[in-house]
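Have a look at the structure below before the remarks.
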Amino acid sequence: MLCKILHTTRSSSKAAFLNDGGSLHQRSILLVIAHPDDESMFFTPTINYLTSRGHNLHIICMSTGNADGMGNIRKEELLLASAVLKIPLPQVKILDHPDLQDGFGKVWNSELLASIVDEYILSHAIDLVITFDNYGVSGHCNHCDLNRGIRKLLHKTAERDIEAWELISINIFRKYSGPVDICLSLISAMFYQNGELHYLLNECPNKSYNAMAQHRSQWIWFRKLFVVFSSYTYANTLKKIN
């Protein structure tokens, strides 16, 4: 059973993607990630929640994850993981832009990111975007750049009122406390009374493990431990980007 915190909000439509209201509440949602495996390591509670309720989920991955020369392999792994997570493969787009290559110290241009995401939003009638927050969970610079790019997009298109949410980063103690973090996340969510923070418990943690296992090139011992013990396997806390 899903455990969720839904606070009263001034406009119920602002949180409609978290409601169970049937077709009237189905949304076209874009998950923006930096590398293949981000979806499986960090966002599966959100993905499982959305797909189980019939929302139309798209993924745009801004790089092939080619830092170690395995970009082509990692592209295929992302498609395999997406199939496990019940995301239609035509709705998974993987970029290999020369200015958006994987790597620490490689700064991604916010204007370019905003332009790419905006083009996808317009061409696929997206009405909600989800990405990393400004720390990017792991602190990876490419994750942080995505947040800056989405914020740039929201600033440039303020008149369109695009809705965007970010995955909240947590400290290292909470990150590796697994199910123990559930209580802490619930307590944290209770301090938000304006509908701008939502806590989602993973309904299918085994699916999260199976999805990450498709990323065989990355499936080494410390990532296995991360998936087993990480709080991001068990729950996501999303905050509305204002």
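The values are calculated or read from the model by the stated rules, or taken from the named source; none is laboratory data. Every value quoted in this text rests on a predicted model; they were computed, and no experiment measured them. Positions of Cβ are generated from backbone atoms using ideal geometry, with glycine treated the same way; all protein chains shown enter the neighbour counts. Remember, those area values only see protein heavy atoms, side chains included, never the ligands or the DNA or RNA. Shrake-Rupley method; radii C 1.70, N 1.55, O 1.52, S 1.80 Å.
Would you check if there is a residue in the range 201-221 being in contact with a strand residue (DSSP E or B) (Cβ under 7 Å, 6 or more places away or on another chain), open to solvent by less than 40 Å² (accessible area, probe 1.4 Å) and farther than 21 Å from Leu30 by Cβ? Scanning the range 201-221 turns up at least one residue that is in contact with a strand residue (DSSP E or B) (Cβ under 7 Å, 6 or more places away or on another chain), open to solvent by less than 40 Å² (accessible area, probe 1.4 Å) and farther than 21 Å from Leu30 by Cβ. Every listed requirement among (1) among the charged types (D, E, K, R); (2) farther than 21 Å from Asn242 by Cα; (3) open to solvent by less than 20 Å² (accessible area, probe 1.4 Å) is met by Glu166 save one, (2). Taken together, Ile150, Ile126, Ile130 contain a single residue that is in a loop (DSSP other than H, G, I, E, B), closer than 30 Å to Gln101 by Cβ and β-branched (Val, Ile, Thr), which is Ile126. Here the helices (runs of 4 or more DSSP H) wholly within the range 160-242 that include at least 3 residues being of a type in the set (A, V, I, L, M) and over 17 Å from the mean Cα position of the chain (by Cα) are 181-189.
Could you list, in sequence order, the residues of the range 112-151 that are on the phi > 0 side of the Ramachandran plot and open to solvent by 10 Å² or more (accessible area, probe 1.4 Å)? Those that are on the phi > 0 side of the Ramachandran plot and open to solvent by 10 Å² or more (accessible area, probe 1.4 Å): Ala125, Gly139. Only one entry of Met62, Met70 meets the criterion of being closer than 23 Å to Val107 by Cα and within 13 Å of the chain's Cα centre (by Cα), and that entry is Met62. For the range 123-135, the criterion of being without any contact (Cβ under 8 Å) to a residue 24 or more places away in the chain, under 18 Å from Leu57 (Cβ atoms) and either out of contact with any Lys or Arg (no Cβ under 8 Å at 6 or more places or on another chain) or aliphatic (A, V, I, L, M) (or both) is satisfied by at least one residue.
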